[in-house]
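All remarks here apply to the structure that follows.
The values are calculated or read from the model by the stated rules, or taken from the named source; none is laboratory data. What you are looking at is a predicted structure, and each value in this text was computed from that prediction instead of being measured. FYI the Cβ positions are ideal-geometry reconstructions off the backbone, even for glycines, and counts take in every protein chain you see.
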Amino acid sequence: MFVQEYQAKRLLSRYGFSFPPGDVAFSTAEASSVAERIAAEAWVVKAQILAGDRGRFGGIKMVSSVSAAVAETQALLGSILVTPQTGERGIKVDAVYIERSVKIERELYLAILLDRFQRKLVLLGSPLGGAGIESVLAEQPDTLQRLSMSIDNAPDDDELRRFASGMDLNDALLDQYVQICRGLHQSVNELDALSIELNPLAIVDGNRLACLDVKMEIDDNAMFRHEDYAEIRARNRFDDRKLRAQSGYNYIRLDGDIGLLVGGAGLALATMDLLKLHEMEPANFLDLPPIASRSDVADACQTVLESPSVKALFVNAVGGGLTHCDTIAEGLITAHKKARITCPVVVRFAGTKREHGLTLLRNSRMPFQFADTMGEAIEILLRNMRA
Amino acid sequence: MGILIDSRTRVLCQGITGYRGSFFSHRAIEYGTRIVGGVVPGRGGQKHLNLPVFDTVEQAREMTGATASVLFVPPHAARDAMLEAIDAGIELVVCITEGIPILDMLRIKERLAGSQTRLIGPNCPGIITPGQCNIGIMPASIYQPGKIGVISRSGTLFYEAVAQLCREGFGQSTCIGIGADVVPGMTFVDCLELFRDDHGTEAVLLIGEIGGAAEEEAAQYLAAEAYPKPVIAYIAGRHAPPYRRMGHSSAIIAAGKGGTENKIQALRDANVIVVESPVEFGMTTRKAVR
């Protein structure tokens, strides 16, 4: 999961990074007291959303008085921010981060992350940084430095200095930079982070490196060893597309009209591809895990049908793992009992307990349409959509 | 023939007394898999499914001669269970567990590098040599012995593909679900190397998906190797919903890699026959193999 800037800065406070003084505010009253507490000539008020490019799209405001900080907070709270990373619908602002404004002499880029291609932990650094970093790097790819590293052993000083030597820093700043790299390696290890991006990492006051913004993703799989992450997750339940990811299946709402209830991510992706090949549009992505229970299936079914654009439901399941076709059949029947399903439902079962699953559905007297293969299912769906 | 496992393979189950370990061990035994014992710390000396249970993998290996182990342990215990199997010199570890922290897998990867162990998974359905040995959670009844090797990142799409192969009259030499995690044990390339040298395998079907670079690496390997057998591939996710992103690091590191079109092109360039639609696994294999 991604974490908000203020949450990331709190989590990272133990690792020797230098952040400008600041704090989160959920109301104008809190904004006023935060701004007063931070002695400053100027403040930055930053919308807390789980997306980047805030600065260029109205999410970051510079102010030079406490009252202006309060006014900007009032304007931001409750507003919807749309940036290239939020999707078209945008994200509602529930909190702002208020920090002391610093004079930036130069912006750098530094990130540590799991390289999903090399399957290694890697440091990425550039002497250039800031909001436009992707296009800057596209034009000047040679400025990007990479350093792969072991998870258990941080690189030694020589390796880090060689990496840092591309950042155009004087000796004092270079020492700080190496320390920041060490802090990143340690924090990834201790916090189970998948990425920590310091952008910009800025030279301020002539001889100091300060982390002005942090983007951080932590590994959902590691929740069990971090008690404090439950609260972060609870606070960040903003994203309707993944809101239900905790309830045993992945659901992402899309714009089409064919609801999909599919077992397994690979088959779910293939089913979407198949619909598109036949010029039909999926209303959602949804994959049931191989351990989904009857109630998971019923809940998933209701979630899919909640979308008003759904004109037909396609249930595509290959029984395997612990989720067999009969479990899926029972889930469908449970969902129908709770809220009658009125659209056509095309069911294609294969694999473990196929016959039993089909028998349950036939006996339910609900209006299912059955297909033996995915190809047949597509034909039935096409007939339904033309009707 | 087939790779990695056959009817003689002696298999341990780590976590055999749990619900899943118990359920799938029972099914494997019914299939004919030689499950020879279980490992559950603190349960040493007990019997389960009429099999001896040991406290450690080391003891179990010594007493049973097992060379393979399948893990049905919860995510928080998976790292240590895998390390234990690696340290005990188990040759093939199959980890079914889903939800293992990625940093744990990076550590496992580093440990595997200097070991004699091969790891399948985690977050995978397992491995089967039809008619001989089934390790994992796959619905064994759909598989038939034959000459197609199958490697898949996905589980359920894998079953779909196998069902289509069987409808076309193609059995399988060995089927391996390598798992969908970001940091897996064996990769497409590792499996392709083994299938290359297996006399029982005539062609290989590879089922990939969007994300990562495993398919691109496979393409690179196949091209460099002038691979001697036909390879057929399907890549799921052409129309996958876009990833949520925050910040720039994921885009910088990807630098255009990982998309389905990129993968498909790389595979085509390596003379791989690409399955266009997920209803055409059987048909396409029929065209590729005479």
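If only one of A:Arg56, A:Arg89 is surrounded by fewer than 18 Cβ atoms within 10 Å (Cβ to Cβ), without any contact (Cβ under 8 Å) to a residue 40 or more places away in the chain and not in a strand (DSSP E or B), which one is it?
After ruling out the rest, the residue left standing is A:Arg89.
Can you tell me which residue in region A:258-284 is nearest to B:Arg238 (Cα to Cα), limited to those that are part of a loop (DSSP other than H, G, I, E, B) and of a type in the set (A, V, I, L, M)?
My answer is A:Met280.
Considering every residue within region B:239-247, establish whether at least one is out of contact with any Cys (no Cβ under 8 Å at 6 or more places or on another chain), in the same structural domain as B:Ala214 (by TED's automatic domain parsing), farther than 21 Å from B:Glu202 by Cα and among the aliphatic types (A, V, I, L, M).
Yes, region B:239-247 contains a residue that is out of contact with any Cys (no Cβ under 8 Å at 6 or more places or on another chain), in the same structural domain as B:Ala214 (by TED's automatic domain parsing), farther than 21 Å from B:Glu202 by Cα and among the aliphatic types (A, V, I, L, M).
Check whether at least one residue in region B:99-118 is closer than 30 Å to A:Gly319 by Cβ and away from every other protein chain (no Cβ under 14 Å), and report yes or no.
Yes, some residue in region B:99-118 is closer than 30 Å to A:Gly319 by Cβ and away from every other protein chain (no Cβ under 14 Å).
Can you find even one residue in region A:270-285 that is of a type in the set (Val, Ile, Thr) and either more than 14 Å from chain B (Cβ to nearest Cβ) or in contact with a helix residue (DSSP H, G or I) (Cβ under 6 Å, 6 or more places away or on another chain) (or both)?
No, the conditions are met nowhere in region A:270-285.
Checking the condition within 13 Å of chain B (Cβ to nearest Cβ), among the hydroxyl-bearing types (Ser, Thr, Tyr), free of Cβ contacts under 8 Å to residues at least 60 places away in the same chain and over 26 Å from B:Arg167 (Cα atoms), which residue from A:Ser364, A:Ser293 passes?
The match here is A:Ser293.
Take region B:145-186 and flag every residue that is assigned to a loop (DSSP other than H, G, I, E, B) and buried (at least 20 other Cβ atoms within 10 Å of the Cβ).
Correct list: B:Arg153, B:Ser154, B:Gly155, B:Phe170, B:Ile178, B:Gly179, B:Ala180, B:Asp181, B:Val183, B:Pro184, B:Gly185, B:Met186.
Filter region A:183-219 down to residues that are under 23 Å from B:Pro101 (Cα atoms), more than 9 Å from every other protein chain (Cβ to nearest Cβ) and in contact with a Gly (Cβ under 8 Å, 6 or more places away or on another chain), then give me how many there are.
So the count comes out to 1.
Okay, residues lined up against (1) crowded, with 22+ Cβ neighbours inside 10 Å; (2) under 19 Å from the mean Cα position of the chain (by Cα); (3) closer than 26 Å to A:Ala350 by Cβ:
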site: B:Phe188; (1), (2), (3): yes, yes, yes
site: B:Asp197; (1), (2), (3): no, yes, no
site: B:Thr201; (1), (2), (3): yes, yes, yes
site: B:Gln220; (1), (2), (3): no, no, no
site: B:Pro228; (1), (2), (3): no, no, no
site: B:Ala233; (1), (2), (3): yes, yes, yes
site: B:Asp269; (1), (2), (3): no, no, no
site: B:Val279; (1), (2), (3): no, no, yes
site: B:Ala288; (1), (2), (3): no, no, yes
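Would you mind telling me which numbered condition in (1) facing chain A (nearest Cβ under 7 Å); (2) modelled with pLDDT of 95 or more B:Gly177 fails?
(1)
Any chance you could count how many residues in region A:285-303 are surrounded by fewer than 23 Cβ atoms within 10 Å (Cβ to Cβ), assigned to a helix (DSSP H, G or I) and among the β-branched types (Val, Ile, Thr)?
The number of residues fulfilling the criteria is 1.
Please work out which residue is modelled with the lowest pLDDT, limiting yourself to region A:247-257 and to residues that are within 12 Å of chain B (Cβ to nearest Cβ) and not in a loop (DSSP other than H, G, I, E, B).
Among those residues, the one meeting the criterion is A:Asn250.
For region B:188-290, give me every one of the helices (runs of 4 or more DSSP H) that falls completely inside it and has 3 or more residues that are within 26 Å of B:Gly126 (Cα to Cα) and more than 10 Å from chain A (Cβ to nearest Cβ).
Those helices (runs of 4 or more DSSP H) span B:188-196, B:214-225, B:260-269, B:281-288.
Have a look at A:Ser64, A:Ser135 and point out the one that is among the polar types (S, T, N, Q) and modelled with pLDDT of 95 or more.
When all the criteria are applied, what remains is A:Ser64.
Here is a list of conditions, (1) closer than 28 Å to B:Ile210 by Cβ; (2) at pLDDT below 95; (3) not aromatic (Phe, Trp, Tyr), and A:Ala230 meets all of them except one; can you say which number that is?
A:Ala230 satisfies every listed condition except (1).
Output the number of residues of region A:123-136 satisfying the condition of being within 13 Å of another protein chain (Cβ to nearest Cβ) and touching a residue at least 12 places away in the same chain (Cβ under 8 Å).
9
Quick one: in region A:33-53, which of the residues that are over 27 Å from A:Gly183 (Cβ atoms) and in a loop (DSSP other than H, G, I, E, B) is modelled with the lowest pLDDT?
The residue in question is A:Glu41.
Among the numbered criteria (1) part of a helix (DSSP H, G or I); (2) within 14 Å of chain B (Cβ to nearest Cβ), which single criterion is violated by A:Gly319?
Here A:Gly319 clears every test but (1).
Of all residues in region A:220-237 being among the basic types (Lys, Arg) and closer than 22 Å to B:Pro74 by Cα, which is farthest from the other protein chains (Cβ to nearest Cβ)?
A:Arg233
Please go through region A:103-121 and give me each residue that is of a type in the set (A, V, I, L, M) and surrounded by fewer than 19 Cβ atoms within 10 Å (Cβ to Cβ), ordered by number.
Across region A:103-121, the qualifying residue is only A:Ile104.
Taking region A:144-173 on its own, how many of its residues are surrounded by 17 or more Cβ atoms within 10 Å (Cβ to Cβ) and in a helix (DSSP H, G or I)?
Result for region A:144-173: 5.
Hey, among B:Ala180, B:Ala163, B:Ala140, B:Ala113, which residue is assigned by TED's automatic domain parsing to the domain that holds B:Phe23 and more than 27 Å from B:Pro228 (Cβ to Cβ)?
B:Ala113
Tally up the residues in region A:336-378 that are more than 26 Å from A:Asp273 (Cβ to Cβ), among the small types (Gly, Ala, Ser) and under 36 Å from the mean Cα position of the chain (by Cα), please.
1
Can you find a residue in region A:9-32 that is within 14 Å of A:Ala95 (Cα to Cα), crowded, with 18+ Cβ neighbours inside 10 Å, in contact with a Gly (Cβ under 9 Å, 6 or more places away or on another chain) and at pLDDT 95 or above?
Scanning region A:9-32, I find no residue that is within 14 Å of A:Ala95 (Cα to Cα), crowded, with 18+ Cβ neighbours inside 10 Å, in contact with a Gly (Cβ under 9 Å, 6 or more places away or on another chain) and at pLDDT 95 or above, so the answer is no.
Determine if region B:100-122 includes at least one residue that is buried (at least 24 other Cβ atoms within 10 Å of the Cβ) and within 18 Å of B:Val272 (Cβ to Cβ).
For region B:100-122, residues buried (at least 24 other Cβ atoms within 10 Å of the Cβ) and within 18 Å of B:Val272 (Cβ to Cβ): absent.
So which residues in region A:299-321 are over 15 Å from A:Gly331 (Cα atoms), within 27 Å of the chain's Cα centre (by Cα) and not small (Gly, Ala, Ser)?
Scanning region A:299-321 gives A:Glu306, A:Pro308, A:Val310.
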